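Comments concern the structure below.
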């Protein structure tokens, strides 16, 4: 069983906002409940990002960034210009 389950609504093309997720799946609430050592990197990154982009809630955005950079360590070493070119509000801008 996945220790960090993801919530995926059935039959919906529109992503849920974080506020629409069940409370236990919201990043801040999960962090408070489980602690930093027990949550996925996507939860920690989502808290730092604070907001998503059109078409992606903050958790989906965090997950996409972690996939793109193959983990938090690589994302942390990304060049400023590279992050700025992603055009994500608050990330490199």
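Structural remarks
- Counting residues in the stretch 56-77 that are at pLDDT below 90 and not in a loop (DSSP other than H, G, I, E, B) gives one or more.
- Selection count where residues are buried (at least 16 other Cβ atoms within 10 Å of the Cβ) and more than 16 Å from residue 50 (Cα to Cα), scope the stretch 61-71: 1
- The set of residues in the stretch 1-48 being in a helix (DSSP H, G or I) and modelled with pLDDT under 90 consists of 18, 19, 20, 23, 24, 25.
The values are calculated or read from the model by the stated rules, or taken from the named source; none is laboratory data. Just so we're clear, the structure is a prediction, and the values are computed from it rather than from any experiment. We place every Cβ from the backbone using ideal geometry, glycine too, and count neighbours over all the protein chains shown.
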